[in-house]
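See structure below.
The values are calculated or read from the model by the stated rules, or taken from the named source; none is laboratory data. Computed from a predicted structure; not experimentally measured. Cβ placement follows ideal geometry from the backbone for every residue including glycine, while neighbour counts extend to all protein chains displayed.
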Amino acid sequence: MYDSGQEPVRDNENRLSRRRVLGSGALLGAATAVGTTVGVGSGHGDPAGPEVLGAGGVDITLRVNGRDRALRVEPRVTLLDALRERLDLTGTKKGCDQGACGACTVLVDGERVNACLTLAIMVRDKEITTIEGLARGDRLSPVQEAFLDRDAFQCGYCTPGQIVSATALIAEGHTRSAEEIREWMSGNICRCAAYPNIVAAIEDVAR
Amino acid sequence: MSRPTKAPDKAPDRITTPITGGVGESPLRPDGTLKVKGEFAYSSDLWMDDMLWGATLRSPHPYARIVSIDLSGAWQTPGVHTVMTYDDVPGEKLFGLEHTDQPVMAHEVVRYQGEAVAIVAADHPETARRAVDKIVVEYEVLEPLTDAEEAVFATDAPTLHPGGNLVRHLPIRRGDQHATADVVVRGEYEVGMQDQAFLGPESGLAVPAEDGGVDLYIATQWLHVDQKQVAKCLGLPNDKVRLMLAGVGGAFGAREDLSMQVHASMLALRTGRPVKIVYSREESFFGHVHRHPAKLYYEHGATREGRLVYVKARMFLDGGAYASSTGAVVANAATLGVGPYEAPNVTIDCWGAYTNNPPCGAMRGFGAVQAAFAYESQMDRLAAELGLDPVEVRVRNAMAEGTTMPTGQVVDSAAPVAEMLRRVEAMPLPPAAPTDSYDLRELPGGVSNTTHGEGVVRGIGYGIGIKNVCFSEGFDDFSTARVRLEVIAGEPTAMVHTAAAEVGQGLVTVQAQIARTELGVERVTIHPADTQVGSGGSTSASRQTYMTGGAVKAACEKVRGLLLDIARERLHVEGQLHLDGGKIVSDRHGVLADLAEVLGDEVIDETVEWRHRPTEALDPTTGQGFAHVQYAFAVHRAVVDVDVDLGLVRVVALDCVQDVGKAINPDAVVGQIHGGSAQGLGLAVMEEIQVRDGKIRNPSFTDYLIPTILDMPPMKVDVLELADPHAPYGLRGVGEPPTISSTPAIVAAIRAATGLAIPRCPVRPEDITGTA
Amino acid sequence: MKPFAYTRAHTVWDAVAAVSAEPGARYLAGGTEMVNLVREGQESPDRLVDIGDLPLTEVRVHGRGVRIGALAKRVHEHPEVRRRLPVLAEAGLSAASPQVRNVATPGGNLLQRTRCHYFRDVRFPCNRREPGTGCAALRGVNRNNAIFGGSEHCVAVHPSDIAVALTALDAVVHTHGPAGERVIPVEELYRLPGDEPNRETVLDHGELIVAIDVPPTPFAARSHYLKLRDRASFAFALVSVAVALDVRAGVTHDVRIALGGVAPRPWRARAAEDALRGRRFDDDARAAAGEAATTGAKPLPHNEFKVELVRRAVVRALSEVEGR
């Protein structure tokens, strides 16, 4: 159902393992570079040429919740899968894997994005914040606190995405009315429909 | 008992976060902190380092004969550990909730698009999926049967199952079958196929155990019915198939049937390795049953004063390829087919049929949804025919305590239908649609800039729904609760252990509240739900607070009795004692001692199996019988603004009155009303699985649209508490009724705004512009 | 998802060279479309060339209008765009969700692929995806498909909102390709399917959209985007209308009307424009324009309603913009 049937690249590094945490000294770009390097020596191009990586495993470092995390991924690995399957950050949820539900919302350089539509390799030099990065130890963030107090969830599966999205929404200033909150939260589906309580929770924090 | 050598990472754990309230209060959820921190572990979060990943080959055809299956391509894929088909099923080859008619994997024939044909385990999910793609199945494609009415009545229809195409026909006959009336209204209605669309797709992890059994971590609605079916298919005794409830990302009925439970277990037992299966969103659309699409033919006869003389209905529910719970859905649609109204003469027939469409079964509202759309549409037609107000015609026919239902069952607890209608009618209306400067988001089309008020017409509509609570028709429905009381670190602590599935409704909170109230203790912990304790029954039919809440209450009462016996003995007192705030209290002498002191090192650990009062089967020819445990009601008033030129609808208000008998947790009750109302809203104006020639055309959240927060209007909710003397604390099931009444209320409001008949839901723009 | 190599380009020249050198190479900008296409199998590139670092992010107002970098983020929030090009701001804001809008790019938006079920579901035949396999939409559920510009080989619609707005603004795209630079009107960027539905645009392999130029026109400031969909937000258009209007002394001096959700490309409703131009801008003229907008419509079995929706939506969009 997927495509031409080409094998996934198989090497020992490719096995999924949450335990595999490489030393932070892992070098970027030291992995197998496939394909030719273009642009080098050209009068028009960047003297260093473009950076060419993959298709096999590539050692990268992601800065997640203030920590540098080294890992080896193929270019095709999404940020969502890298977080969940490789970095053991399962708070970010996979609801549709298509950018249509918002359960995988994370912050990249402070802006909310769908981790399922982002390749991990695209955000190597960015600051990534997931639901796990909002609380300070046992102290919940104001949005987390408000969601808890307002009972703004039921099954809770969409909740990490809702909370990360709401955190960004408040920073964006899209809280001038309940209607505005609703418009700007419409990228996060809640099937339990805790929607009225989500609006109330966000209003509590924005107030 | 043998346990696996180790449990997965993020295996379900005991909930120890304290709550603060008892019955009737709204404490914070004890699992809430985990949920807002992203630490609550759902089934898809489970992990074992040596685990394999399963994937499923599914039929591309809705109906075809399997000529051959060539597995060699999958076997030859590096990283693949095993490939299995029907032939490898070790035990019973068929499973099913009511009828064992569904093969674990297809055998000789596939009956719906997406039916499982083969399964693979590999060391990487992508490898497993690619291996699946390399399996070559030769099919002889057959013409699918896709119409339920045809399936039952057409003489030339193919026979899909050995017993024919009929899953169940239930007739209801009451009163004069030839009654005539002054005023007659007829209608034909259709309800589209709705998806539960929970946010967390099916997933689970099967771990082979040392005793040759399997430990299955799974998101489900009923651990024990899964256990029974899985054990049979694996050819194992029940005690070798142990289920643990993993975090459930919503359910709404879609987790009542098995999905990958047997598959993951087969792969794990064959490979000797843990096997995890996680469905993609697309696969989820093929991996669970949906709400039955329905065709309903109704005729209502009434007096000129608007009193119902008779109701006649013929209903067809498309069960799809396998029965699932179609039989029970048929019973609900038929027995509740008149709605919450008095009608002396009733002739109802409901058929549930096999077709080659996707299998249909449980979804919140369960048969009552389809019937309510039709009978409420009929009540509006009747009101229009008589020139009566829609509320007035409903009030004139409202059932009440003492009413005889179409099944002959006399309603023996509160049924405040008329009062609920009057209350919702009396709620303040939202302000009229603004006409100059205002927020565009408050108009149909929302941020799409479709109007500044031109073409917008407001409509108001009412809908009322009735639902049976708990399992009906003589089913031996029970729940088990184990309560353990001991002193831990000087503090009396109760632990509640049931197998009932928390799916987001707040059951763990309710269990803790009940234990606190009944035992007078502060500290309550909740043991993870598993099959080490007796069945908690299904998290469905709005039954868990009633049933498992009832079981926890009963177990607490038993523990309390034993504790007070100990207290009498140790304190040498007689007479009535009770527990309050961790103290033993005598009616006559006040506080006698600390509970902790009296209990000392003793542990009281009691398990109770608790049943609701028995019901009885329905007579198969007349549909008569005391079949339902309890009735529950909700009424909605919907206010819509319709852009009649462009066919856009905005639900402006969706106010609700519901009788819950006793609100064990008022916040959770309101949450259920919000959720149910929104799912009814979805069915009213956007949600439909589009099936053509047996094939699903929109298996994604991009194409199957469910309401966003912008589609959800503010809701005023009025909760009545008229105790049901037969139920624990007098409570009434809550989850389903609001799903039932919101759809007809919204569609009625659209009709009021447009003057159109609108016999089908969901209502699309073209149904309003009249250009469909 | 099929494996692919990844290149991050730092200059336009490098990017163009990298993609041009390899038939299986594709550009990757925000990723909101390409990641899905690769995951679901409609695209199976050997290499993705990430252009996220290219200096194409600016929105600049100059004497020749507004230049929008192909990678500019949230163009709809730019104050000059909102002031000068309301139709574009409205179209951009109506698209997708806040999360998607945070990373989506104008260039990527213009080049997104159709939402036709049968293109997206790789189990079905689709001439656009796999030439010669047939069009499943013609005999399938075609409610969302084209009423204009389709052929017996393909009836897909282009899903972009901003493409419709840009068409109504006479916008052009600037490209850099292996053969040099060129300028293409947005409307002409797209090919009608004819008998080659797989060739969706006029771009050569490796040709990169680097900027969008919106010229100064007397009609841009008085413009409006109207979008009809099945849900209040976060859904593709069933029918959309971009109108831009220059009315002088009650008479339509010039006008642009473009339709979305109805054709394989943004559909310029020239007959509707002609019905307005030079006439008093009144209800009769607007009704005539609505009628004219449906000229040449060839509805499919499930989308006849779109013809009437187009008529009404054009009238409504013109009435809405009148008040501005």
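Considering only region B:493-544, state which residues are surrounded by fewer than 23 Cβ atoms within 10 Å (Cβ to Cβ), under 21 Å from residue B:21 (Cβ atoms) and either free of Cβ contacts under 8 Å to residues at least 12 places away in the same chain or not aliphatic (A, V, I, L, M) (or both).
Across region B:493-544, the qualifying residues are B:493, B:517, B:518, B:520, B:522, B:523, B:525, B:527.
Given the options B:494, B:541, B:551, name the one that is of a type in the set (A, V, I, L, M) and part of a helix (DSSP H, G or I). Give the derivation first.
Values: B:494 fails: part of a helix (DSSP H, G or I); B:541 fails: part of a helix (DSSP H, G or I).
Being of a type in the set (A, V, I, L, M) and part of a helix (DSSP H, G or I) holds for just one of B:494, B:541, B:551, which is B:551.
Which condition number in (1) touching a residue at least 60 places away in the same chain (Cβ under 8 Å); (2) buried (at least 24 other Cβ atoms within 10 Å of the Cβ) is the one that residue B:718 fails?
For residue B:718, the exception is condition (2).
Considering only region B:316-332, state which residues are of a type in the set (Gly, Ala, Ser) and within 15 Å of the chain's Cα centre (by Cα).
Step one: filter region B:316-332 for residues of a type in the set (Gly, Ala, Ser), giving B:319-321, B:323-325, B:327-328, B:331.
Of everything in region B:316-332, those that are of a type in the set (Gly, Ala, Ser) and within 15 Å of the chain's Cα centre (by Cα) turn out to be B:324, B:325, B:328.
Exactly one of (1) touching a His at 6+ places or on another chain (Cβ under 8 Å); (2) among the aliphatic types (A, V, I, L, M); (3) under 14 Å from residue C:107 (Cα atoms) is unmet by residue C:137. Its number?
Result: residue C:137 passes all but (3).
How many residues does region B:635-654 contain that are out of contact with any Asp or Glu (no Cβ under 8 Å at 6 or more places or on another chain) and under 17 Å from residue B:735 (Cα atoms)?
Residues flagged as out of contact with any Asp or Glu (no Cβ under 8 Å at 6 or more places or on another chain) and under 17 Å from residue B:735 (Cα atoms) within region B:635-654 amount to 2.
Among C:202, C:247, C:214, which is the only one that is aliphatic (A, V, I, L, M), farther than 30 Å from residue B:766 by Cβ, in contact with a His (Cβ under 8 Å, 6 or more places away or on another chain) and modelled with pLDDT of 95 or more? Reasoning before the result, please.
Values: C:202 fails: in contact with a His (Cβ under 8 Å, 6 or more places away or on another chain); C:214 fails: in contact with a His (Cβ under 8 Å, 6 or more places away or on another chain).
After ruling out the rest, the residue left standing is C:247.
Checking the condition at pLDDT 95 or above, at the interface with chain B (Cβ under 9 Å from one of its Cβ atoms) and buried (at least 23 other Cβ atoms within 10 Å of the Cβ), which residue from A:149, A:88, A:97 passes?
Numbers: A:149 fails: buried (at least 23 other Cβ atoms within 10 Å of the Cβ); A:88 fails: buried (at least 23 other Cβ atoms within 10 Å of the Cβ).
None of the others qualify; the one that does is A:97.
Hey, can you tell me all the residues within region C:18-35 that are at the interface with chain A (Cβ under 7 Å from one of its Cβ atoms) and crowded, with 23+ Cβ neighbours inside 10 Å?
Hits for region C:18-35 are C:18, C:31, C:32, C:35.
Could you tell me how many of the residues in region B:595-641 are among the acidic types (Asp, Glu) and either crowded, with 19+ Cβ neighbours inside 10 Å or without any contact (Cβ under 8 Å) to a residue 24 or more places away in the chain (or both)?
Adding up the residues that qualify gives 3.
Show the residue pairs that are 6+ apart or on different chains and have beta-carbon atoms under 8 Å apart, the first residue being within region A:139-150 and among the acidic types (Asp, Glu), the second being in a loop (DSSP other than H, G, I, E, B).
A:149/B:28
Just to be sure, is residue B:622 more than 11 Å from every other protein chain (Cβ to nearest Cβ) and among the hydroxyl-bearing types (Ser, Thr, Tyr)?
yes
Count, please, the residues in region C:93-125 that happen to be within 14 Å of chain A (Cβ to nearest Cβ) and either touching a Pro at 6+ places or on another chain (Cβ under 6 Å) or in contact (Cβ under 8 Å) with a residue 40 or more places away in the chain (or both).
Residues flagged as within 14 Å of chain A (Cβ to nearest Cβ) and either touching a Pro at 6+ places or on another chain (Cβ under 6 Å) or in contact (Cβ under 8 Å) with a residue 40 or more places away in the chain (or both) within region C:93-125 amount to 16.
I need every pair where a residue in region B:648-676 that is within 9 Å of chain A (Cβ to nearest Cβ) has its Cβ under 9 Å from the Cβ of a residue that is surrounded by fewer than 24 Cβ atoms within 10 Å (Cβ to Cβ) and polar (S, T, N, Q), sequence separation at least 6 or different chains.
B:667/A:197; B:667/B:26; B:668/B:26; B:670/A:197; B:670/B:26; B:671/A:197; B:674/A:197
Go through the residues of region B:604-624 one by one and say whether even a single one is among the hydroxyl-bearing types (Ser, Thr, Tyr) and part of a helix (DSSP H, G or I). Spell out the reasoning first.
Filtering region B:604-624 for residues among the hydroxyl-bearing types (Ser, Thr, Tyr) gives B:607, B:615, B:621-622.
Then drop every residue that is not part of a helix (DSSP H, G or I), which leaves none.
No, every residue in region B:604-624 fails to be among the hydroxyl-bearing types (Ser, Thr, Tyr) and part of a helix (DSSP H, G or I).
Determine whether region B:698-711 contains at least one residue that is in contact with a His (Cβ under 8 Å, 6 or more places away or on another chain), within 11 Å of chain C (Cβ to nearest Cβ), modelled with pLDDT of 95 or more and in a loop (DSSP other than H, G, I, E, B). First the steps, then the outcome.
As a first pass, look at region B:698-711 and keep what is in contact with a His (Cβ under 8 Å, 6 or more places away or on another chain): B:698, B:703.
Right, trim to within 11 Å of chain C (Cβ to nearest Cβ) and you get B:698, B:703.
Checking which are modelled with pLDDT of 95 or more leaves us with B:698, B:703.
So of that shortlist, the ones also in a loop (DSSP other than H, G, I, E, B) come out as B:698, B:703.
The answer is yes, given that some residue of region B:698-711 is in contact with a His (Cβ under 8 Å, 6 or more places away or on another chain), within 11 Å of chain C (Cβ to nearest Cβ), modelled with pLDDT of 95 or more and in a loop (DSSP other than H, G, I, E, B).
Tell me yes or no: at least one residue of region B:79-96 is assigned to a loop (DSSP other than H, G, I, E, B), under 30 Å from residue B:296 (Cβ atoms), touching a Gly at 6+ places or on another chain (Cβ under 6 Å) and more than 14 Å from chain A (Cβ to nearest Cβ). Steps first, answer last, please.
Quick first cut of region B:79-96, residues assigned to a loop (DSSP other than H, G, I, E, B) only: B:79, B:85, B:89-93, B:96.
Add one more test, that the residue is under 30 Å from residue B:296 (Cβ atoms), and what stays is B:96.
Of the ones still in play, those that are also touching a Gly at 6+ places or on another chain (Cβ under 6 Å) are none.
No, region B:79-96 contains no residue that is assigned to a loop (DSSP other than H, G, I, E, B), under 30 Å from residue B:296 (Cβ atoms), touching a Gly at 6+ places or on another chain (Cβ under 6 Å) and more than 14 Å from chain A (Cβ to nearest Cβ).
Please give the number of the condition residue A:82 fails out of (1) under 21 Å from residue C:39 (Cα atoms); (2) of a type in the set (Gly, Ala, Ser); (3) in contact (Cβ under 8 Å) with a residue 40 or more places away in the chain.
Looking at each condition in turn, residue A:82 falls short on (3).
Against the definition (in contact with a Ser or Thr (Cβ under 9 Å, 6 or more places away or on another chain), at pLDDT 95 or above and not assigned by TED's automatic domain parsing to the domain that holds residue A:200), how does residue A:110 come out, yes or no?
Details: in contact with a Ser or Thr (Cβ under 9 Å, 6 or more places away or on another chain): yes; at pLDDT 95 or above: yes; not assigned by TED's automatic domain parsing to the domain that holds residue A:200: yes.
It is true that residue A:110 is in contact with a Ser or Thr (Cβ under 9 Å, 6 or more places away or on another chain), at pLDDT 95 or above and not assigned by TED's automatic domain parsing to the domain that holds residue A:200.
Hey, does region B:268-278 have a residue that's surrounded by fewer than 24 Cβ atoms within 10 Å (Cβ to Cβ), part of a loop (DSSP other than H, G, I, E, B) and either among the hydrophobic types (A, V, I, L, M, F, W, C) or within 14 Å of another protein chain (Cβ to nearest Cβ) (or both)?
Yes, region B:268-278 contains at least one residue that is surrounded by fewer than 24 Cβ atoms within 10 Å (Cβ to Cβ), part of a loop (DSSP other than H, G, I, E, B) and either among the hydrophobic types (A, V, I, L, M, F, W, C) or within 14 Å of another protein chain (Cβ to nearest Cβ) (or both).
Let's see how each residue does on (1) among the polar types (S, T, N, Q); (2) touching a Cys at 6+ places or on another chain (Cβ under 8 Å); (3) under 17 Å from residue B:634 (Cα atoms):
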residue: B:332; (1), (2), (3): yes, no, yes
residue: B:335; (1), (2), (3): yes, no, no
residue: B:345; (1), (2), (3): yes, no, no
residue: B:348; (1), (2), (3): no, no, no
residue: B:353; (1), (2), (3): no, no, no
residue: B:357; (1), (2), (3): yes, no, no
residue: B:361; (1), (2), (3): no, no, no
residue: B:423; (1), (2), (3): no, no, yes
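Would you tally the residues in region C:184-213 being in a loop (DSSP other than H, G, I, E, B) and under 16 Å from residue C:23 (Cα atoms)? Don't jump to the end; show me each part of the working.
If we filter region C:184-213 for residues that are in a loop (DSSP other than H, G, I, E, B), which is where we start, we get C:191-200, C:202-207.
If we keep only those that are under 16 Å from residue C:23 (Cα atoms) as well, we get C:198-199, C:203-207.
Qualifying residue count, region C:184-213: 7.
Tell me the residue from C:57, C:11 that is hydroxyl-bearing (Ser, Thr, Tyr), within 14 Å of chain A (Cβ to nearest Cβ), within 14 Å of residue C:209 (Cα to Cα) and over 20 Å from the mean Cα position of the chain (by Cα), please. Show your work before the answer.
On the way: C:57 fails: over 20 Å from the mean Cα position of the chain (by Cα).
Answer to the check: C:11.
Quick check: anything in region C:168-190 touching an Asp or Glu at 6+ places or on another chain (Cβ under 6 Å), surrounded by fewer than 20 Cβ atoms within 10 Å (Cβ to Cβ) and within 29 Å of residue C:54 (Cα to Cα)? Explain how you work it out, then say what you get.
Initial filter on region C:168-190 (touching an Asp or Glu at 6+ places or on another chain (Cβ under 6 Å)): C:172, C:175, C:177.
If we keep only those that are surrounded by fewer than 20 Cβ atoms within 10 Å (Cβ to Cβ) as well, we get C:177.
Subsequent filtering for residues that are within 29 Å of residue C:54 (Cα to Cα) retains C:177.
Yes, there is a match, as at least one residue in region C:168-190 is touching an Asp or Glu at 6+ places or on another chain (Cβ under 6 Å), surrounded by fewer than 20 Cβ atoms within 10 Å (Cβ to Cβ) and within 29 Å of residue C:54 (Cα to Cα).
Listed here are the residues, each with its yes/no results for (1) within 12 Å of chain B (Cβ to nearest Cβ); (2) charged (D, E, K, R); (3) closer than 21 Å to residue C:52 by Cβ.
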{"residue": "A:108", "(1), (2), (3)": "no, no, yes"}
{"residue": "A:112", "(1), (2), (3)": "no, yes, yes"}
{"residue": "A:124", "(1), (2), (3)": "no, yes, yes"}
{"residue": "A:133", "(1), (2), (3)": "yes, no, no"}
{"residue": "A:140", "(1), (2), (3)": "yes, no, no"}
{"residue": "A:157", "(1), (2), (3)": "yes, no, no"}
{"residue": "A:161", "(1), (2), (3)": "yes, no, no"}
{"residue": "A:168", "(1), (2), (3)": "no, no, yes"}
{"residue": "A:171", "(1), (2), (3)": "no, no, no"}
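Evaluate the following for residue C:230: is it surrounded by fewer than 19 Cβ atoms within 10 Å (Cβ to Cβ) and either part of a loop (DSSP other than H, G, I, E, B) or within 14 Å of chain B (Cβ to nearest Cβ) (or both)? Reasoning before the result, please.
Numbers: surrounded by fewer than 19 Cβ atoms within 10 Å (Cβ to Cβ): no; either part of a loop (DSSP other than H, G, I, E, B) or within 14 Å of chain B (Cβ to nearest Cβ) (or both): yes.
So residue C:230 does not fit the description; no.
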